[in-house]
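Take a look at the structure set out below.
Every read-out reported here was derived from the displayed coordinates using simple, explicitly stated rules and does not represent laboratory data. Everything numeric here is computed off the predicted structure, so don't read it as measured data. Cβ placement follows ideal geometry from the backbone for every residue including glycine, while neighbour counts extend to all protein chains displayed.
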Amino acid sequence: MTIGELQNKIIEYKKKNDVCILAHSYQAKEITEIADFTGDSYQLSVMAHKTKQKNILMCGVRFMAETVKILSPDKRVILANPIAGCPMAEQMDKELIMAVKSKYPDHTVVAYINTTANLKTVCDVCVTSSSAVKIIAKIPNDKILFIPDCNLGDYVSKMLPDKTFKLLQGGCPIHARVSVEDVKKAKSAHPEAILLVHPECSPKVVREADFIGSTSAIIEYAEKSDKTEFIIGTEISIAQHLQYKCPHKRFYPLSKDIICPNMKSTTLVDVYNALNGSGGEELVMSDELIKSARRCIDKMIELGG
Ligand code: 13P
Ligand code: SF4
């Protein structure tokens, strides 16, 4: 079967069975082509909230499917490939954060959305990379305990100098791989290009950037920019998607090593199998977990809207 034939089967199947396919922007092009909506973590959570279909298939990583289930507990939510986790989301558990909270009882606990549902139950507000600055600026407390990504936390703390931040040593192992050496190499190979980076990269890399933003913010910036050459400091799929969207411009990945194996573990065949019931995993969460993890996600939507 060709990719096109498989895509047609998927489109036919999802229409017949009332399924909405959500894909994160790090998914492969053949998956984003059959998705009802592709976006960054914040946009996906908002779409999950709004979508009318009774079944949602998430092409992304587990915490994204959990977020959908939390926001739409009455819907059937399926993670296309059950092995797709996010190592950052698994880095800190509830017990560790409870212990840290007891040391900083006057801090508001802000969780990056890349956390497990279980961990969200002990956090006050959730944020994504695109909404973190806006949401944290609106929190009345000026003392913030930000988990788990210290790179994103560092970036937000510089944008909001009036607040004090307690950061822990967590983060994305894929974005953390990028070095200032990579920046130097890419800039000398493409001297005319501007550098766009995701705030999950280290502060030293972020400092070199012309623009810092979430996956969708990077895409939007590059599409609208008058410039014609861009070095893209996030998962390599973003440079690929942009190259299709803007064929007259040039996009260079900051490093060929920024590949997220978890995001890339989902294939078009996984999508098909998840739809026909021979693959995927339906998310099952207790009412209590959904209810207590939801508080900080609702707060994110309230403050981010
Ligand atoms: P975005 O919110 O920018 O989509 O980021 C999600 C993510 O996991 C980046 O590594
Ligand atoms: Fe998680 Fe990093 Fe992959 Fe994003 S790129 S899903 S943060 S491991």
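Things worth noting here:
- In the range 86-104, of all residues being surrounded by 13 or more Cβ atoms within 10 Å (Cβ to Cβ), aliphatic (A, V, I, L, M) and more than 13 Å from ligand 1 (Cβ to nearest atom), the one that is nearest to the chain's Cα centre (by Cα) corresponds to Met92.
- All positions within the range 162-184 that are touching a strand residue (DSSP E or B) at 6+ places or on another chain (Cβ under 8 Å), closer than 22 Å to Met88 by Cα and either more than 16 Å from ligand 1 (Cβ to nearest atom) or in a loop (DSSP other than H, G, I, E, B) (or both): Phe165, Lys166, Leu167, Leu168, Gly171, Cys172, Val178
- Inter-residue pairs, beta-carbon under 6 Å, first small (Gly, Ala, Ser) and in the range 153-177, second in a loop (DSSP other than H, G, I, E, B), 6+ apart: Gly170/Gln91; Gly170/Met92; Gly170/Pro148
- Looking only at the range 133-152, and only at residues there that are in contact (Cβ under 8 Å) with a residue 40 or more places away in the chain and not β-branched (Val, Ile, Thr), the one that is farthest from ligand 1 (Cβ to nearest atom): Leu145
- Of all residues in the range 26-47 being away from ligand 2 (no atom under 16 Å from the Cβ) and outside any helix (DSSP H, G or I), the one that is farthest from Ile11 (Cα to Cα): Phe37
- Annotation note: Cβ proximity below 7 Å between a residue of the range 227-239 that is under 21 Å from Arg207 (Cβ atoms) and a residue that is within 11 Å of ligand 1 (Cβ to nearest atom) and small (Gly, Ala, Ser) (sequence gap 6+ or interchain) occurs for Ile238/Ser25.
- The residue of the range 63-85 that is surrounded by the fewest Cβ atoms within 10 Å (Cβ to Cβ), among those that are more than 14 Å from ligand 1 (Cβ to nearest atom) and among the small types (Gly, Ala, Ser), is Ser72.
- Picking from residues in the range 129-146 that are outside any loop (DSSP other than H, G, I, E, B), over 15 Å from the mean Cα position of the chain (by Cα) and not basic (Lys, Arg), the one that is surrounded by the most Cβ atoms within 10 Å (Cβ to Cβ) is Phe146.
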